[in-house]
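To start, the structure under review is shown below, and the notes come after it.
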């Protein structure tokens with residue numbers, strides 16, 4: 001990172017560092033503007049509120065919002081879609097065919113069922129992601145690699161150009177890495193969005209075959225990592241190539257969050273969303289920093305205005321000011337609530353298993369799956385991918401997991417290439433049925 | 001809270017043509033969007049219609065003009081990846097959205113989805129011979145260097161924008177040359193498309209040359 005970047009750290013300093021009290025006031029103002037819009041135009045919101053006997057004029061404060069406004073979730077959207085024949089699950093609040101509106105329909109990846117439609121309307125220009133790309137060190141005149149694992153519309157390259165940078169489009173495929181190296185030699189890109197687990201595995205294999213990865217990728221100031229968690233061992237491996245990684249995640253289908261250079265949680269932009277973290281089995285907030293379910297409310301998406309959306313995502317969250325100076329909350333993703341298994345009363349998520357599997361050299365790529373017949377199980381069952389099968393490998397993996405979790409698992413070993421073939425290009429299914 | 005403004009980059013983006021990096025300018029994309037408006041009209045996209053575009057990220061310099069053209073027509077668009085792993089999403093979106101046209105179907109996708117997936121789609125534009133043979137009445141979408149060509153309803157060769165691009169055949173391969181200014185010029189650029197150039201008028205009424213893949 002050079003001094004020019006350090007001296008000009010924020011894309012929107014007056015928003016990113018807005019004092020907490022002013023941020024709260026801004027949120028409340030935006031919320032009271034959004035709620036009538038959502039109620040009047042989004043059929044699922046109206047249905048949920050009418051069922052609960054709530055109207056927007058009764059919600060004049062955060063306290064009333066938290067006490068009275070009903071939750072929605074993905075199942076509610078799917079039921080609404082199936083029952084009413086509404087492909088948008090009751091969450092489309094504008095006519096996408098309105099003349100002059102750049103209307104598009106994106107969709108979720110379909111990891112947990114039929115892809116959910118995500119209507120979009122906008123005009124070309126930088127999105128909120130500019131705050132995150134700027135923090136990476138990307139500046140006007142730079143080039144920036146867009147290597148998104150599934151194409152989700154123009155927002156990424158709109159943002160890059162809106163920052164004065166030029167996107168380089170590369171398929172998210174390990175086979176494309178040699179081409180990426182060539183592009184790096186020619187165009188010296190400063191940012192990369194994004195790296196994923198399978199690409200890290202491929203880079204490691206190239207490094208072992210003699211490719212100088214550090215030299216090939218030496219132009220980057222920052223690399224966004226996304227798709228699934230990154231274990232500490234994998235992170236150290238990537239950093240040994242001279243790359244500074246910035247973890248990135250979606251936030252309750254209302255936005256995204258990315259690490260800053262403090263690498264102490266992922267920044268959520270609270271001028272664009274209200275984040276609540278609640279008891280996963282109830283509706284009460286957990287203490288700041290405790291694990292809970294993320295519940296999101298958009299403050300800017302008038303096309304599909306999610307309000308109190310139970311995301312199924314388990315997170316830790318804090319509103320403490322970050323050392324970088326930003327005042328917005330920070331999130332630590334833990335996994336999906338529906339991925340949790342409870343073994344003899346102990347909660348286990350993939351993120352808990354990760355460091356243990358990484359610790360065994362033959363399974364260091366952390367390609368594993370939790371076999372989940374249901375939430376409550378008598379014994380933890382894992383399918384773990386290996387690079388080289390040794391007679392004592394199963395026992396060593398079981399020992400490592402037991403040392404980390406205090407639970408002895410049943411481990412099934414498979415060639416890691418078998419697991420890699422199961423996934424989309426950026427990840428594998430981490431929780432599967434027997 | 002005034003948003004920061006910075007000068008727009010002179011290069012719109014860097015895509016790929018064949019195996020070559022291919023920088024394009026904002027003017028190139030605007031020009032290709034003009035061509036794409038006509039392509040989408042020929043595919044039957046109208047005000048309020050919907051087109052599903054199936055592509056790879058590296059094809060963005062070909063796809064962005066189609067997206068913007070949909071907007072110009074006051075139509076909507078959706079997208080999926082042209083990969084085996086994302087084929088299920090193509091099938092799902094066809095079922096959920098009932099698009100007026102699907103663009104970009106290839107061998108991997110037809111091999112991964114049920115054979116009836118595209119039966120109710122009015123127009124399907126394909127990118128390879130296997131998909132062409134698998135989907136009745138499908139039309140070609142050819143990437144001719146950095147530009148595109150689409151077949152009309154006659155299905156007798158793909159039309160390109162002849163005001164902006166010249167096409168020729170060299171040793172059985174289609175090559176293209178830019179007639180309009182482009183950031184990265186193309187002079188008889190090999191396209192990887194094997195076929196011939198048909199110089200006779202099309203039954204649709206257009207008189208410009210067409211590309212007929214072999």
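List of remarks:
- Backbone N within region A:279-309 under 19 Å of label point (7 Å from residue A:50 Cα along the Cβ vector): A:305-307
- Region A:42-91, relative contact order in percent, only Cα pairs under 8 angstrom and at least six apart counted: 43 percent
- Most mobile of A:69, A:268, A:277 in a GNM of chain A (Cα contacts under 10 Å): A:69
- For region A:39-122, the percent of C-alpha pairs falling in each 10 Å distance bin, counted from 0 to the bin holding the largest distance, reads 16, 41, 32, 12.
- Gyration tensor over the Cα atoms of chain B: the corresponding equivalent ellipsoid has semi-axes (square roots of 5 times the eigenvalues, largest first) of 25, 24, 17 Å.
- If the chain linking residue A:378 and residue A:402 were pulled fully straight, counting 0.36 nm for each residue of separation and taking away their Cα-Cα distance, it would gain 7.2 nm.
- Sites residue B:198 and residue B:72, calculated FRET efficiency, Cβ-Cβ separation with R0 22 Å, nearest 0.05: 0.15
- Within region A:266-283: backbone nitrogen closer than 19 Å to the residue A:323 label point (7 Å, Cα to C-beta): A:266-268
- Averaging over all projection directions, the Cα-based convex hull of region A:249-304 occupies 4.5 nm² in the image plane.
- Our estimate of slack between residue A:302 and residue A:338, defined as 0.36 nm per intervening residue step minus the Cα-Cα distance, is 10.1 nm.
- Value of relative contact order over chain B, rounded to a whole percent, pairs C-alpha under 8 Å and six or more apart: 15 percent
- Here the gap between residue A:207 and residue A:388, fully extended at 0.36 nm per residue and compared with their Cα-Cα distance, gives a gain of 63.4 nm.
- A helix-only calculation puts the protein assembly as shown at -8500 deg cm²/dmol for mean residue ellipticity at 222 nm, using -39500 (n - 2.57) for each DSSP H run of at least four residues, averaged over all residues.
- Top of B:169, B:188, B:96 by mean-square fluctuation, Gaussian network on chain B, Cα under 10 Å: B:96
- Taking every alpha-carbon pair within region A:214-284, the share separated by more than 14 Å comes to 68 percent.
- Cα→Cβ-extended label distance, 7 Å offset, between residue B:168 and residue A:244, nm: 5.1 nm
- For region A:1-160: rounded, prolate or oblate by the Cα gyration tensor [a/c cutoff 1.5]: oblate
- Whether region A:340-432 is rounded, prolate or oblate, judged on the alpha carbon gyration tensor where a/c under 1.5 counts as rounded: oblate
- With bins 20 Å wide beginning at 0, the percent of Cα pairs of the protein assembly as shown falling in each bin runs 18, 51, 29, 3.
- Modelled spin-label separation between residue B:133 and residue B:8, with each label point placed 7 Å from Cα along the Cα-to-Cβ direction: 4.5 nm.
- When chain A is treated as a Gaussian network with alpha carbon springs shorter than 10 Å, the biggest mean-square fluctuation among A:139, A:66, A:316 belongs to A:66.
- Zone of residue A:8's modelled label, taken as backbone nitrogen in region A:257-276 under 20 Å from a point 7 Å along Cα→Cβ: A:261
- Residue B:27 versus residue B:179: modelled label distance in nm, points set 7 Å from Cα along the beta carbon direction: 1.8 nm
- On the basis of the beta-carbon distance and an R0 of 41 Å, residue A:57 and residue A:124 show a calculated FRET efficiency of 0.70.
No lab work stands behind these numbers, since they all come straight from the coordinates. The shown structure was predicted, so the numbers you read here are calculated from the model rather than taken from an experiment. For neighbour counting, all protein chains shown are included, and Cβ atoms are generated from backbone atoms with ideal geometry for every residue, glycine included.
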